[in-house]
Amino acid sequence: MKPFSCAIANRDAGEDLIGTAGHYQTYVLIECPLPWAANAFESKSIPATLCKYVNAMTAERSVRFLAINRGTLDAKASITLLVYERAVFSGLVADDSVNTEVIAGYQGYEFQVDNLTQAIDCLESHWQGRLVGQSIIQKDILICTHGMRDSCCARFGQPLFREAMRSASEDKLPNARVWRVSHIGGHRLAPTAISLPDGRYYGRLTLAALKAIVTRRGSIEQLRSVYRGWGLLPEPLQVLERQLMLQQGWSWFDSKVTYRILADRMCKQRSQSSEQNLHTLSVDFSVVSSISQPVETQVETIADCQSQASISQSQTYRAELVQDPQKTVCTKASCSSDVAKPFVKYAVTQCALISQPQSAADSIAAVEKPCVL
């Protein structure tokens, strides 16, 4: 009899991946030697002081510590430490007249330390403003291969990691580094991955889909089956964000967003045989796009030239998201789970574009335009 596979069982159950991305303000990625224990920072190669520090910081703030590795570590080489912190902008959004925090991915900083114990001092110095790392300009692709946590992560993650490393060496994943990473959640969706600095999660990932994500080429529709959601958004809103992403294409990844919860309630839904209380959210979801327009400038002793001015435009969608019993599936979360559990899903039942920019110079006018569901 073949051993149970939570990932295969989940595919057979047909769970929709969307709405399963982790929600963290900060990621700390520490290059650690293999092998990793089920809890990576309890591995024999990890100093006890670092493990204690990770546990303390995790309890204190919204931070996810992850072990990363690209292959064998040279004993004399420095250790890479990556910190990704949520990038926050303030600005006017749609028809609001108040400052609103705008979500736009993460800002990454890279450090080199001599040993794992030094990682603690490095992080403390960074968070206290005494040390600024080198800004990260490329993408970091984290593929979970953590077999000691769940066998499906190794069974499906290891082949994808090897294929991705080979593609990266052949320059088929331009401006991207590929790392194996410790447990990121969602074993049942293996192979799983996180893309930084945007902070988007993926599952049942294929090499073809990964190439499309990195290069932003090909049909955006192929992301429907592998996209778990944008980790900077609450899980129900990840459903709405995927819908808008699929409609607008690859340009969506350059957008910033903000949202406002209008109502959070339980609503009764009656069917022929029963009555259910379903969680319902009403939300305004604004998309902020930065565009560049040529602006004429007068330069002394030099002929007139044009420069690029960045102009922010925004549009706001009003949507309703409702818990969807028909999409909710009951399946085992991991290969070691004793019993199956329900994974609640949401559906976008209403979505309308209520405001959009008319031009770069004009104010935003309200409109009533349906959003394709």
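The values are calculated or read from the model by the stated rules, or taken from the named source; none is laboratory data. Keep in mind it's a predicted model, so treat the numbers as computed, not measured. FYI the Cβ positions are ideal-geometry reconstructions off the backbone, even for glycines, and counts take in every protein chain you see.
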Restricting the search to segment 33-86, which residues are surrounded by fewer than 17 Cβ atoms within 10 Å (Cβ to Cβ) and in contact with a strand residue (DSSP E or B) (Cβ under 8 Å, 6 or more places away or on another chain)?
-> Pro33, Leu34, Thr58, Arg61, Ser62, Arg70, Leu73, Ser78
From the residues in segment 183-210 that are under 16 Å from the mean Cα position of the chain (by Cα) and hydroxyl-bearing (Ser, Thr, Tyr), which one is nearest to Phe41 (Cα to Cα)?
-> Thr192
Of (1) modelled with pLDDT of 80 or more; (2) touching a helix residue (DSSP H, G or I) at 6+ places or on another chain (Cβ under 9 Å); (3) not in a loop (DSSP other than H, G, I, E, B), Ser290 fails just (1)
Contact list, first residue from segment 316-344 and under 16 Å from Asp12 (Cβ atoms), second anywhere and of a type in the set (Phe, Trp, Tyr) and assigned to a strand (DSSP E or B), beta-carbon distance below 6 Å, six or more apart or interchain, is Val329/Phe343
Checked segment 211-234 for anything in contact with a Phe, Trp or Tyr (Cβ under 9 Å, 6 or more places away or on another chain), basic (Lys, Arg) and either surrounded by 15 or more Cβ atoms within 10 Å (Cβ to Cβ) or not in a loop (DSSP other than H, G, I, E, B) (or both); matches are Arg228
When only residues in segment 14-51 that are touching a Pro at 6+ places or on another chain (Cβ under 8 Å) and among the hydroxyl-bearing types (Ser, Thr, Tyr) count, which is modelled with the lowest pLDDT?
-> Ser45
Number of positions in segment 47-85 that are in a loop (DSSP other than H, G, I, E, B) and within 17 Å of Thr145 (Cβ to Cβ) = 4
Output the strands (runs of 3 or more DSSP E) that fall wholly within segment 95-199 and possess 3 or more residues being touching a residue at least 24 places away in the same chain (Cβ under 8 Å), touching a Gly at 6+ places or on another chain (Cβ under 6 Å) and more than 14 Å from Leu66 (Cβ to Cβ), or say none.
-> 99-113
